[in-house]
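Read the structure below first, then the notes.
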Amino acid sequence: MNVKNITNVLVADYPFHNNLKKELVSILEHCRDTQDEKSREYNNVKATMTSWNVTTPQIERLKKYVENEIYKFSPLIMAGDNGEGGWKLVWKDFWGNIYRKGEYALSHHHSPSNWSFVYFLKTKWYYSSLVFTDCGQKIRPKEGRFVCFPGHLFHHVPKHRYSDTRITLSGNLYYEALCMESWFNVTPQVSLI
């Protein structure tokens, strides 16, 4: 039996986008794909991907901002200020996706992550949307916009049809209290600068 329900998704704009874009775009446009041919065959993202746990000072600033926005968005986890004494969020991974003409992402989900995240770093409004597969709801790309959603939601990206790159950042957040410590610090952070 399939049961459909209404799920709230956080869509917001990051006020420090220009700093993040200035720091990352030229680096990511020249980034080599970390997927080999075999892993690319099995991966849902059919585009260039960075390492699974990239970082820069501006990325860390973005991650803190997003955590705070999720705490405000989801009062059930707010038991304390910014998760203190409540459901603290922790990032398990964070990566970049560089879509070139003809590239796309198959429908997939990020279970068991509690929250997944997509950030439109470099895009035009008419580039491929983020699509929630089961309901067909589209989130139009806009530079500086981020989307946070429950990790179990299926989503995909249609083929990118333009010569210029479409660059997104993605990540997964977990409630620390629900995770085993061995889940974290498995993939070392990789600085992009």
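The values are calculated or read from the model by the stated rules, or taken from the named source; none is laboratory data. Everything numeric here is computed off the predicted structure, so don't read it as measured data. Here Cβ is always computed from backbone atoms with ideal geometry, including for glycine, and neighbour counts include all displayed protein chains. Only protein heavy atoms, including side chains, enter the accessible area calculation; ligands, DNA and RNA are left aside. Shrake-Rupley method; radii C 1.70, N 1.55, O 1.52, S 1.80 Å.
Key figures
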quantity	calculated
Complete set of residues in the range 94-128 that are of a type in the set (S, T, N, Q), surrounded by fewer than 19 Cβ atoms within 10 Å (Cβ to Cβ) and at pLDDT 95 or above	107
Strands (runs of 3 or more DSSP E) within the range 86-137 that include 2 or more residues more than 15 Å from residue 169 (Cβ to Cβ)	89-99, 104-108, 130-132
Output for the range 17-51, where each listed residue is within 18 Å of residue 62 (Cβ to Cβ) and either in contact with a Lys or Arg (Cβ under 7 Å, 6 or more places away or on another chain) or among the basic types (Lys, Arg) (or both)	21, 22, 25
Where a residue in the range 140-156 is in contact (Cβ under 8 Å) with a residue 60 or more places away in the chain and within 26 Å of residue 25 (Cα to Cα) and its partner, wherever it lies, is of a type in the set (Lys, Arg) and open to solvent by less than 60 Å² (accessible area, probe 1.4 Å), with Cβ under 7 Å and at least six apart	143/122
Hey, residue 72 modelled with pLDDT of 80 or more, in a strand (DSSP E or B), open to solvent by 30 Å² or more (accessible area, probe 1.4 Å) and charged (D, E, K, R) or not	no
Near pairs, Cβ below 6 angstrom, 6+ apart or cross-chain, from the range 52-70 (of a type outside the set (A, V, I, L, M)) to any residue that is in a loop (DSSP other than H, G, I, E, B)	52/187; 53/187; 53/189; 55/189; 56/192; 56/193
Filter result (open to solvent by 10 Å² or more (accessible area, probe 1.4 Å) and farther than 26 Å from residue 2 by Cβ) within the range 129-164	140, 142, 143, 145, 159, 161, 162, 163, 164
Residue match in the range 26-36 (condition: assigned to a loop (DSSP other than H, G, I, E, B), at pLDDT 90 or above, of a type outside the set (A, V, I, L, M, F, W, C) and surrounded by 12 or more Cβ atoms within 10 Å (Cβ to Cβ))	no
Complete set of residues in the range 132-155 that are under 17 Å from residue 111 (Cβ atoms) and among the acidic types (Asp, Glu)	134
Flag for residue 174 being modelled with pLDDT under 95 and either buried (at least 17 other Cβ atoms within 10 Å of the Cβ) or touching a Pro at 6+ places or on another chain (Cβ under 6 Å) (or both)	yes
Qualifying residue in the range 81-93 (condition: out of contact with any Cys (no Cβ under 9 Å at 6 or more places or on another chain) and modelled with pLDDT of 90 or more)	yes
Residue 41, sole failed condition from (1) touching a helix residue (DSSP H, G or I) at 6+ places or on another chain (Cβ under 6 Å); (2) farther than 15 Å from residue 169 by Cα; (3) open to solvent by 40 Å² or more (accessible area, probe 1.4 Å)	(1)
